[in-house]
Amino acid sequence: MTAHSTDSAPDVPQGPWRGPGVVVLTGIQAAGKSTVAQALAERLTRSVHLRGDTFRRMVVRGRAEMTPDAGEAALAQLRLRHRLTAACADQYAQAGFTVIAQDILLGEHLTEMAEHIRTRPLAVVVLAPDPSAVERREAGRPKTAYGPGWSVRDLDSALREDTPPIGLWLDTSEQTAEQTVDEILARAWTEGAIA
């Protein structure tokens, strides 16, 4: 998935898009979250791209990494990271920004994040490209998202089978980042809205 860059002024959305608010953008590794979140934020007038993984990387010593057999310490740190993301999103929204909060939120972690964020409007957008499209993207990236024990198909199964179907789910297999942003701008506050 590639972003389309332009030197023109940001597109000010019309219709159902409004702000400030929070959009939670999730999907499995290499689904295009970072690219889409950045492109979406760049299309808005006052925006923040909040990367949940930043809080994980801030831990200098004592970090417990998420693995397929993660223990209580790793899960506790993951939930801490999600609470920090939610608190920051609320603070930025309170200051008048539309926040694109991006992270991998599978299973109950997606609903927990939606509960932690107090700001309304709140929308959830799940990028759900076909696993073969994710594998192609992963192969073409300079960095490797999948470490030992993780596979695209395993995470995709966790997304589709264990994650509650809340928000707007988008099959972005054949979309560019800009096409995905267009779809989010048109549909997130209506089909992706969380009460």
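The values are calculated or read from the model by the stated rules, or taken from the named source; none is laboratory data. Predicted model only: the values in this text are computed from it and were never measured. Because the Cβ atoms are built from the backbone with ideal geometry, glycine has one as well, and the counts that use them run over all protein chains shown. Side chains are part of the model used for accessible areas, which takes the heavy atoms of the whole protein and leaves out ligands, DNA and RNA. Shrake-Rupley method; radii C 1.70, N 1.55, O 1.52, S 1.80 Å.
Side notes on the structure shown:
- The chain - mean residue ellipticity at 222 nm from DSSP helices (-39,500 (n - 2.57) per run, n ≥ 4, rounded to 500): -12000 deg cm²/dmol
- Using the Cβ of F55 as centre and a radius below 14 Å, the other residues enclosed give a net charge of +4, where K and R count +1 and D and E count -1.
- Cα gyration tensor shape for region 39-91, rounded if a/c is under 1.5, else prolate or oblate: prolate
- Here the dipole of the chain is about 760 debye; that uses its Cα centre as origin and unit charges on the Cβ of Lys and Arg (positive) and Asp and Glu (negative).
- Volume per residue for the chain equals 123 cubic angstrom (convex hull of Cα atoms).
- Calculated diffusion of region 64-114, Stokes-Einstein form, Kirkwood radius summed over Cα pairs, 20 °C and 1.002 mPa s, µm²/s: 179
- Here the accessible area is traced with a 1.4 Å probe on the protein chains. For region 141-195, carbon and sulfur cover 52 percent of it.
- Å² per residue, accessible surface of the chain at 1.4 Å: 51
- Cα-based shape type of region 107-195, given that a ≥ b ≥ c are square roots of the gyration tensor eigenvalues and the cut on a/c is 1.5: oblate
- Approximate spin-label separation S132-R153, in nm, with each point projected 7 Å along Cα-to-Cβ: 1.3
- Max mean-square fluctuation residue, GNM over the chain, Cα-Cα springs under 10 Å, options M113, M66, M58: M58
- Cα shape, region 83-153, gyration tensor, a/c 1.5 rule: prolate
- Sequence ranges 125-135, 88-98, 25-35, ranked by mean other-Cβ count within 10 angstrom, highest first: 25-35, 125-135, 88-98
- Subtracting the Cα-Cα distance of A95 and E174 from 0.36 nm times their residue separation leaves 24.8 nm of extension gain.
- Projected label distance in nm at K143 and L80, using a 7 Å step from Cα toward the beta-carbon: 2.1
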